[in-house]
Amino acid sequence: DTGVSQDPRHKITKRGQNVTFRCDPISEHNRLYWYRQTLGQGPEFLTYFQNEAQLEKSRLLSDRFSAERPKGSFSTLEIQRTEQGDSAMYLCASSLRRVLITDTQYFGPGTRLTVL
Amino acid sequence: DQQVKQNSPSLSVQEGRISILNCDYTNSMFDYFLWYKKYPAEGPTFLISISSIKDKNEDGRFTVFLNKSAKHLSLHIVPSQPGDSAVYFCAASARTGGGNKLTFGTGTQLKVEL
């Protein structure tokens, strides 16, 4: 399977705990995106990387959230001191950015976070 | 501020008929539009896209139409099949910013009935 993979698929945690999610993009894709989706809404952009550089962060990404892509391959999204409002599906997408060609984002299956 | 709107939360169509899903946007900077399909417990799957320099793009049973003056796009599925039953999301991006981040609508649940 050469698609985007995410781990874990489900995470249940208690309020105040820290959680970390992992995303493995499609091989050779140089861009990686994180989105969050809550019930009844479409995915909302959180942040994106081009190779290892984090180029943009949404104002939705509070200081409790941090994302990394240390070697330009997989990425992690950490949420510190989780709150019930953090409960959502966290989606990762990757794309291949090439000059003069619009890149299409391909999504992983998501990690569903439930904060009790 | 919902920059991409899908005003129909649900749509029911008979198998073999045409499904038309609509999407409106407000941001004039958007120049690239996409449709994704989503099944429960899965991530969105890319269907079809269109650049703002075009008004139509076709791929098999799927056709996307773009009306820039009305800031409106639609997805036509012909003929509709039961396997098309899913949530469809319209998304838009402003490529000039360089990031190509997507702004999504709230989705339309399509049900194709036998």
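No value in this document is a laboratory result; all are computed from the given coordinates. The structure presented is a predicted model; accordingly, all values stated were derived computationally and were not measured. Here Cβ is always computed from backbone atoms with ideal geometry, including for glycine, and neighbour counts include all displayed protein chains.
Annotations
- Our Cα-only numbers for chain B put the radius of gyration and Dmax at 13.5, 45 Å.
- Cα convex hull volume per residue for the protein assembly as shown (Å³): 129
- P(r) weight above 23 Å for the range A:3-116, C-alpha pairs, percent: 23
- Highest-fluctuation residue, B:Gly16, B:Gly83, B:Gly60 considered, GNM on chain B with Cα pairs under 10 Å: B:Gly60
- Cα-based Lys proximity count in chain B, under 15 Å, for pairs eight or more positions apart or on separate chains: 8
- Cβ crowding within 10 Å, taken as a proxy for footprinting-reagent exposure, orders A:Phe65, B:Phe104 from fewest neighbours to most as A:Phe65, B:Phe104.
- Counting neighbouring Cβ atoms within 10 Å and putting the fewest first, the residues A:Ser5, A:Ser95 line up as A:Ser5, A:Ser95.
- Each residue in A:His10, A:His29 was given a count of other beta-carbon atoms within 10 angstrom of its own, and listing them fewest first yields A:His10, A:His29.
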